[in-house]
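Colleague: Once you've had a glance at the structure underneath, I'll fire off some questions.
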Amino acid sequence: MEKQEIITKVNDFLIEEFELEESQLVPSAGLKDTLEIDSLDYVDLVVIIEKNFGFKVKGEDFAYIKTLQDFYDYIIKHAKSN
């Protein structure tokens with residue numbers, strides 16, 4: 001899966017599952033402060049990532065994911081190595 005395909009897929013499920021507006025989905029957006037993703041949402045994100053991208057997410061990895069760009073990069077890195 002190519003980088004742009006991954007970004008599009010991530011954006012699509014953020015819009016659908018978390019009822020975010022496309023205009024909110026800028027790479028610099030903070031997951032917690034801008035997109036208002038809370039700890040329960042992170043659990044949903046783990047399930048969605050595992051289902052859509054086929055790799056297991058470690059909870060501690062989210063400590064380093066602050067922005068949407070960090071999130072994209074994390075998925076791109078792990079999806080390609082899988």
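Values in this text are rule-based calculations from the coordinates and carry no lab data. Everything numeric here is computed off the predicted structure, so don't read it as measured data. For neighbour counting, all protein chains shown are included, and Cβ atoms are generated from backbone atoms with ideal geometry for every residue, glycine included.
Colleague: If I filter the range 64-82 down to residues being aromatic (Phe, Trp, Tyr) and free of Cβ contacts under 8 Å to residues at least 40 places away in the same chain, which single residue comes out as surrounded by the most Cβ atoms within 10 Å (Cβ to Cβ)? So that I can check it myself, show each step before the final result.
Modeller: Step one: of the range 64-82, the residues aromatic (Phe, Trp, Tyr) are 64, 71-72, 74.
Still in the list and also free of Cβ contacts under 8 Å to residues at least 40 places away in the same chain: 64, 74.
On the way: Tyr64: 9, Tyr74: 16.
Out of the qualifying residues, it is Tyr74.
Colleague: Tally up the residues in the range 2-46 that are under 21 Å from Lys80 (Cβ atoms) and surrounded by fewer than 15 Cβ atoms within 10 Å (Cβ to Cβ), please. Quick ask: steps written out before the conclusion?
Modeller: From the range 2-46, those under 21 Å from Lys80 (Cβ atoms) are 2-14, 27, 45-46; that's our starting set.
This time we only want the ones that are surrounded by fewer than 15 Cβ atoms within 10 Å (Cβ to Cβ), so: 2-5, 8, 12, 27.
The number of residues fulfilling the criteria is 7.
Colleague: Give me the pairs: first residue in the range 44-63 and within 15 Å of Ile6 (Cα to Cα), second residue among the aromatic types (Phe, Trp, Tyr) and outside any helix (DSSP H, G or I), beta-carbon distance under 9 Å, and six or more apart or on different chains, which are they?
Modeller: As it stands, the answer is Ile49/Phe55, since those pairs meet every condition given.
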